[in-house]
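To start, the structure under review is shown below, and the notes come after it.
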Amino acid sequence: MAGPTVRGRGRIDFMTRLCEACWNEYANHMAEADGATAAPRPEFDADDVTWVEPPVCPDCGTSIRVYPTAYDRWVSLDALELPAKDVPRPFSWRLVRLPARSSLVPVDIVAVRVRGIDPLPGDPVVPAHSMSCVPEWGEP
């Protein structure tokens with residue numbers, strides 16, 4: 001593939017080069033399969049010192065953490081890590097600290113689905129919030 005829009009995409013190098021349309025199709029397919037359908041975190045001005053409330057789930061009202069995925073989509077994760085034995089595999093995520101391109105200092109955190117090599121039963125994983133979300137129901 002060649003062209004002006006063909007380049008490496010994502011937050012982690014996938015060792016592939018895709019155009020914008022192909023990348024969006026690939027990333028959207030991955031996001032749908034992984035349940036990474038959260039809205040991106042809002043961008044804040046670095047000079048603004050106003051208090052910002054942590055994000056909460058609109059369905060159940062519990063605190064969540066919203067992280068970018070390796071393929072530039074967003075996922076809602078629970079606030080606490082759990083042992084891998086307590087989290088079903090489809091809901092297991094890990095947080096990976098990414099360094100700057102020219103430094104070893106971490107500048108970003110990316111959520112990566114646990115695949116391939118299963119974690120040991122006691123290894124910490126972060127469950128997707130969809131695993132524990134129970135919508136609030138109105139009173140009868």
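Taken over the range 79-104, the criterion of being small (Gly, Ala, Ser) and open to solvent by less than 70 Å² (accessible area, probe 1.4 Å) is satisfied by ALA79, ALA84, SER92, ALA100, SER103. Of the residues making up the range 99-110, none is modelled with pLDDT of 90 or more and basic (Lys, Arg). All of (1) open to solvent by 60 Å² or more (accessible area, probe 1.4 Å); (2) farther than 20 Å from ASP34 by Cα hold for ASP59 with one exception: (2).
Here VAL107 clears all of (1) in contact with a strand residue (DSSP E or B) (Cβ under 7 Å, 6 or more places away or on another chain); (2) surrounded by 11 or more Cβ atoms within 10 Å (Cβ to Cβ) except the condition numbered (2). Being open to solvent by 80 Å² or more (accessible area, probe 1.4 Å) and either assigned to a loop (DSSP other than H, G, I, E, B) or out of contact with any strand residue (DSSP E or B) (no Cβ under 9 Å at 6 or more places or on another chain) (or both) is a description that does not apply to ASP72. With respect to TRP51, determine if the residue is farther than 22 Å from VAL126 by Cα and either open to solvent by 80 Å² or more (accessible area, probe 1.4 Å) or not hydrophobic (A, V, I, L, M, F, W, C) (or both). Considered against the rule, which asks whether it is farther than 22 Å from VAL126 by Cα and either open to solvent by 80 Å² or more (accessible area, probe 1.4 Å) or not hydrophobic (A, V, I, L, M, F, W, C) (or both), TRP51 comes out as yes. Among residues of the range 103-128 that are farther than 20 Å from VAL75 by Cβ, those with a beta-carbon under 7 Å from a residue that is in a strand (DSSP E or B) and modelled with pLDDT of 90 or more at least six positions away or on a different chain give the pairs PRO121/PRO83; GLY122/PRO83.
Conditions (1) part of a loop (DSSP other than H, G, I, E, B); (2) closer than 22 Å to ALA38 by Cα, marked per residue:
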site: LEU98; (1), (2): no, yes
site: SER102; (1), (2): yes, no
site: ILE109; (1), (2): no, yes
site: ARG115; (1), (2): yes, yes
site: PRO127; (1), (2): no, yes
site: VAL134; (1), (2): yes, yes
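The values are calculated or read from the model by the stated rules, or taken from the named source; none is laboratory data. Here the structure is a predicted model, which means the values were calculated and not measured. Positions of Cβ are backbone-derived with ideal geometry, glycine not excepted, and every protein chain shown enters the neighbour counts. Areas reflect the complete protein model, heavy atoms only, side chains present, ligands, DNA and RNA absent. Shrake-Rupley method; radii C 1.70, N 1.55, O 1.52, S 1.80 Å.
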